[in-house]
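All remarks here apply to the structure that follows.
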Amino acid sequence: MRRITIAAMGAVLALGLAACSGSGAGGDDSTEAAAADPADLTVGVAMPTQTSERWIADGDAVEKGLTEAGYKVDLQFAGDDIPTQQQQIDQMITKGADLLIIASIDGTALATQLQAAADANIPVIAYDRLIRDSENVDFYVTFDNYNVGVQQATALLVGLGLLNADGSAGDATGPFNIELFAGSLDDNNAHFFYKGAMDTLQEYIDAGTLVVKSGQTDIEQVATLRWLQETAQKRMEDLLTSAYSDGSKVQGVLSPYDGLSRGIITALQNAGYGPTIADGMPIVTGQDAEIASVKLINDDVQSSTIFKDTRKLAEQAVVSAQSFLAGEEPEANDTETYDNGVKVVPSYLLESDIVYKDNIQSLLIDSGYWTEDQVASGQA
Ligand code: GAL
């Protein structure tokens, strides 16, 4: 915190910023606060990719929040390429960033960059994805990722009729054939999602109510490098030709992310399933409430998704950044869960919601996340 040396000044500024959070602070250009005027501070924001609309929304929301709070922002997307992200962060440091907010591509590949940041006294906030194997991660803003996995599995059970949405036992008895997908193994979140999901599904698998016909249940077998839609589509195609060539049908698919869900659905449609759930499309879960998938849910093709309000995550990142830049520690609500291999990173966890067709209106439209027209068209 070289650039912000006067603690009292920092505290005054923090109060001012907290009071104005999200609504356009930064108006304080009195000489007293000049040493830590947000206008003199730059926040580097490193996002993984623009191929998924959620990260574009995250980038935009973080940039908007920081700009409204008066900071300069250096926002970069790395095209899901690890060396590109490393270079972008190196450059942010060289150009004098005062704080970094990073959503990593490979959570284990940034130790060198984070060391350079620490050497220059630049605080680092891990955004949504934990950065692993480094002492130099100061804070983590994310969702309760284990619970996201529980919600995905719950949505699968509800879709199959084994549970009711209120958690009580449903009328269906099974057995149901299901297949499992996980995210990218280099993303810490993928492990939390899968663990939460499997802890929920295991009793049904043990009881024979759910049958993973391919036999592929280890995360290494079901993972999807870089969360790529095409990779999930290809694996679903392979599963259909290997495990279902006897004429049996797959009835449910645990998918941890909407992009993968769309690839899985394409493979299923190409193999003659559906087009809608009523026509035999399996129950497919998701995550992120991406608009193309919300339309599919509205059209009875995809069964569910998990809504993680990126506006709230961005706001939390901005509030945490303001604390650091005012020389203070951000408020954490979890100091136990996220061990990055070197230390437990203090975290702020947000809650997520399961979206089915019947609560698109209340969760996504009424909250202003998507409009009715966007849901109808599937376009942002
Ligand atoms: C995860 C993130 C998910 C999803 C996925 C693919 O890290 O938590 O919400 O976006 O990446 O981008």
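The values are calculated or read from the model by the stated rules, or taken from the named source; none is laboratory data. Keep in mind that what you see is a predicted model, and the values were worked out from it rather than measured. All Cβ positions, glycine included, derive from the backbone under ideal geometry; neighbour counts span all protein chains shown. Side chains included, ligands, DNA and RNA excluded: accessible areas come from the protein's heavy atoms. Shrake-Rupley method; radii C 1.70, N 1.55, O 1.52, S 1.80 Å.
Structural remarks
- Residue, farthest from residue 136 (Cα to Cα), within segment 84-122, restricted to residues that are over 21 Å from the mean Cα position of the chain (by Cα) and among the charged types (D, E, K, R): 95
- Among residues of segment 298-320, those that are of a type in the set (Val, Ile, Thr) and open to solvent by 30 Å² or more (accessible area, probe 1.4 Å), counted: 1
- Some residue of segment 233-249 being more than 14 Å from the ligand (Cβ to nearest atom), in contact with a strand residue (DSSP E or B) (Cβ under 7 Å, 6 or more places away or on another chain), on the phi < 0 side of the Ramachandran plot and hydrophobic (A, V, I, L, M, F, W, C): yes
- Only one of the numbered conditions (1) modelled with pLDDT of 95 or more; (2) hydrophobic (A, V, I, L, M, F, W, C); (3) under 26 Å from residue 283 (Cα atoms) is not met by residue 120, and that is (3).
- Qualifying residue in segment 191-201 (condition: part of a loop (DSSP other than H, G, I, E, B), in the same structural domain as residue 230 (by TED's automatic domain parsing) and without any contact (Cβ under 8 Å) to a residue 60 or more places away in the chain): no
- Unmet requirement for residue 232, which otherwise passes all of (1) touching a residue at least 40 places away in the same chain (Cβ under 8 Å); (2) part of a helix (DSSP H, G or I); (3) farther than 21 Å from residue 196 by Cβ: (3)
- Residue satisfying all of: in segment 252-276; surrounded by fewer than 19 Cβ atoms within 10 Å (Cβ to Cβ) and in a helix (DSSP H, G or I); farthest from the chain's Cα centre (by Cα) among these: 270
- Scanning segment 41-83 for residues that are assigned to a helix (DSSP H, G or I) and either more than 16 Å from the chain's Cα centre (by Cα) or outside the structural domain of residue 124 (by TED's automatic domain parsing) (or both) returns 63, 64, 65, 66, 67, 68, 82, 83.
- All positions within segment 186-216 that are away from the ligand (no atom under 12 Å from the Cβ), open to solvent by 50 Å² or more (accessible area, probe 1.4 Å) and within 26 Å of the chain's Cα centre (by Cα): 195, 199, 202, 216
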